[in-house]
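We did not get these values from a lab; they are worked out from the coordinates using the rules stated. Nothing here was measured: the structure is a model prediction, and the numbers come from that model. When we count neighbours, we look across all protein chains shown, and the Cβ atoms used for this are built from the backbone with ideal geometry, even at glycine.
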Amino acid sequence: MVISRRKAISLSGSTLAGLTITSSVLQPGNLKAQGGPPSGKAGQQPFPDKLEEQTMRQGFPVELPLLADGSAPEHNRKEAGAIDGRLMWKTSDRKTPANINPDYRQMAIRVETRGLAKLRGTMRFGDLQKLPEVTHTFLMQCGAAEPRGIVTWTGVSFADFTSMLELRPGVHYCRFTAADGAYVDEDITTLQHKQVMLAWLMNGDPIPADHGAPLRLVIPFRYGNRSIKGITDMLFATPGLPPPA
């Protein structure tokens, strides 16, 4: 692009710079196709710039057997046993975090309610002992065929726990953070379902570190990744939560 000296003087510096860049870049030999977002890691196919058919994943997710009302069937305790299959943590080596203390009697879990409940602070096992103890036997099923297993969990009802906190009705959900930094957000309506638990015993024994000691969330009518292991933090809030620190 060519402009006169008089015209150049009348233009601002930023405008002139923009014209200069535009004129140099927008030449036929300098144009490059803008194909949408980057393709990601080397070897990956570029993300399609239109809707197109794809190969459906086979065998995933597996069917989660639920009752007609959407709840999980209760199993006989005689059926309870191990959870079979590889356990996945979000650590760099996918192994159980080294910072887990498996002794549930020494749990120290941060509970932040941001002025939306009567209580906040560090929850100890003694706080949970004040609540009615419950025991249920449910299937723990991943979205894949494994891990899976029928387990007897002992702990407290999450609804009883929120009653102890005296949550206000305006609280919408809770964010749970685990020892490996993973987190899940669950709405309060789901969490207050009668089957949802905070558990510290698995088949009558303390939950092993591999399976989520010292305290695990149990939501039997959802896939196992929602029953987050090794809880370290709970944050109750209304919509608009920030990313975990």
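Quick notes
- Computed from the C-beta positions of residue 129 and residue 52, the FRET efficiency with R₀ = 41 Å rounds to 0.15.
- Electrostatic tally near residue 221: other residues with Cβ closer than 15 Å to its Cβ, Lys and Arg +1, Asp and Glu -1, net -1.
- Under the combined filter of DSSP loop state and at most 13 neighbouring Cβ atoms within 10 Å, segment 152-222 retains these trypsin sites (Lys or Arg not before Pro): 194.
- Gained length - residue 44 relative to residue 67, 0.36 nm times residue gap less alpha-carbon distance: 4.2 nm
- Under 20 Å from the residue 74 label point (7 Å along Cα→beta-carbon), backbone N, segment 197-217: 197-205, 217
- For the listed residue pairs 130/229; 130/194; 78/130; 95/130; 90/118, the alpha carbons are over 25 angstrom apart in 78/130; 95/130; 90/118.
- About its Cα centre, the dipole of segment 77-237 is roughly 160 debye, where the only charges are +1 on Lys and Arg Cβ and -1 on Asp and Glu Cβ.
- Expressed in Å, the radius of gyration and Dmax of the Cα atoms of segment 77-237 are 14.8, 44.
- Spin-label model, residue 190/residue 95: points 7 Å from Cα along the beta carbon direction are separated by 3.2 nm.
- Loop-located GluC sites (Glu not before Pro) in segment 72-180 (DSSP state other than H, G, I, E, B) with a sparse environment of at most 13 neighbouring Cβ atoms within 10 Å: 74, 166.
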